[in-house]
1. Distance in nm between label sites at V289 and S209, each 7 Å beyond Cα in the beta-carbon direction?
2. How compact and how long is the range 46-135, expressed as Rg and Dmax of its alpha-carbon atoms in Å?
3. Quick one: accessible area per residue over the range 179-247, 1.4 Å probe, rounded to a whole number of Å²?
4. Given a 1.4 Å probe and the protein chains all in place, what does the accessible area of R283 round to, in Å² to the nearest 10?
5. Compute the distance from the alpha-carbon center of the range 206-263 to that of the range 94-136, in whole Å.
6. Accessible area of E114, 1.4 Å probe, to the nearest 10 Å²?
7. The range 150-176 to the range 269-318: how many Å between their Cα centroids?
8. Work out from phi, with θ = phi - 60° and the Karplus expression 6.51 cos²θ - 1.76 cosθ + 1.60, the ³J(HN,Hα) of each residue of the range 271-276, listed in order in whole Hz, and give x for Gly and Pro.
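The values are calculated or read from the model by the stated rules, or taken from the named source; none is laboratory data. For clarity, every value in this text was computed on a predicted model and none was experimentally measured. Methodologically, a virtual Cβ is constructed for each residue, glycine included, from the backbone with ideal geometry; neighbour enumeration extends over all protein chains shown. Heads up: the accessible areas ignore ligands, DNA and RNA and are worked out on the full protein's heavy atoms, side chains in. Shrake-Rupley method; radii C 1.70, N 1.55, O 1.52, S 1.80 Å.
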Amino acid sequence: MDQHNDDDDDDDDDDDARPPRGLLVDTAAMDDEIARVLVASMSSDASARQTAEAQLTQGGTQPGFGVGLARVSLNQALPYGTRQLAAVVLKKYVKEHWQEGEGRHVPPQTSDEEKAAMREILPAGLGDPIAKIRTAVGMAIASIAAWDWPHAWPALTPTLLNAVKARQSEDAVLGALRCLQMICVDMEEAQIPQVVPSLLPELHAIVASPPEVFSLALKRRALAVLHSCLTTLGMMSGAKQRAVRDLMIPLLPPWLDFFSRALATAPAADAPEQCSFVLEALRCLAPTVMYFAKPAGDAILPPLRAAATLFHALAGAYEANHVDAESDAERDRRVCFFSHRSPYDRVAAVNFIP
């Protein structure tokens, strides 16, 4: 009997030493095999490519495959194309295997252990030095967030916001902002109080920073995130809309001041980055006026005056570069287009004819 108990104890020790179910022990070998198959899937040889594609499909049914894809996408020692493809395949894997009974689910469902492992390691890829890797990883994170955020992934919001606050590198901030932009599109009412009050001040700190701190490209990305937030918030209706407007009242003043300053001076025609920055500011002002003019009150007037002054200042350049430069053929096409339409159609068409 004593010997039997000792054996049981040994079995328990063995159980404790085993990795969690669903995660393979030899991760290096698995990662190498995944990378090899990914490379083969891009082969010019049709037979090799089809075999590799079938292996990737089959891999989705194997324990640890999703985590392996995540590791490969983050491995900077691998070629860029292999890593990007790993992140793309990972996004497809999440859509097919993450949640049973939803969407395009393909059995088996990803285990809880694997899900936790992927949620833990993927955010590191948002600071990758390659922009397309950051975007691909951000898309994979956004796919997971569609199922798990915030209930199963409450750490995602502080992780992204901390990356913005820490400002360890421009790459890390850009990656976090790109991911925030993607998840803000699907933000629900319950997530607004967790995200908006912390996010908007951080975005403002970025766009209002001196030129030597952040580039215009990063500031444009911050404004793009703001635009996604404002559009999502503005689409709320009923009681949700009232709660959102109350939430936005203390957050609007610094942004209205920023719009006034950003639009105060017309950008030079030979400064495309500055032009893009001003255009992004205008894009953000539009939903601000559309959805939050009432809570903003009279404070909305200065940025509107700045925008009107900007339009007048740029009218001459627009006429010289677009109206006067229009070729005879383009002008004839425009006249022909308008001549066959009602006055209402003609007004609407202005937005679509180059």
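1. Output for this residue pair reads 3.0 nm.
2. Taking only Cα atoms of the range 46-135, I get Rg and Dmax of 13.3, 37 Å.
3. On the way: 2900 Å² over 69 residues.
Result: 42 Å² per residue.
4. 100
5. 29
6. It works out to around 10 Å².
7. Using only Cα atoms, the two centres lie 29 Å from each other.
8. Per-residue couplings from phi come out as 10, x, 5, 5, 4, 5 Hz.
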